[in-house]
Amino acid sequence: MDEENTTFRGATIDMDETVEETRADQETPFDRLETRIDTLIDRYERLASEHNQCGEKLTLQEARIRELEAKLEQSEQQTSEVRTRLDTLIEKLNRFS
């Protein structure tokens, strides 16, 4: 349907706006309930999406933590090996002193 306008003493009134205002004035409790339910569904969908994003982010962070822990363990093992080798070299030098 084409947009309807009504002219009244030089003022143009959009008929769609008038219908919406009338609907708002005539809104029933059922209409308000339906609006609130729609709002809750939208919020739920948005929160579910955010929850999924957080889960994915958490999974990535946990993988990164495991990677860093493995690197730390490897570094600590290398440090221990270097200390052992240095201790061995110091003992050899002490024998000749």
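Here E69 does not fit the description of being within 37 Å of the chain's Cα centre (by Cα), part of a helix (DSSP H, G or I) and modelled with pLDDT under 95. Could you say whether any residue in region 16-26 is modelled with pLDDT under 95 and in contact with an Asp or Glu (Cβ under 9 Å, 6 or more places away or on another chain)? For region 16-26, residues modelled with pLDDT under 95 and in contact with an Asp or Glu (Cβ under 9 Å, 6 or more places away or on another chain): present.
The values are calculated or read from the model by the stated rules, or taken from the named source; none is laboratory data. Model, not experiment: these values are computed from the prediction. All Cβ positions, glycine included, derive from the backbone under ideal geometry; neighbour counts span all protein chains shown.
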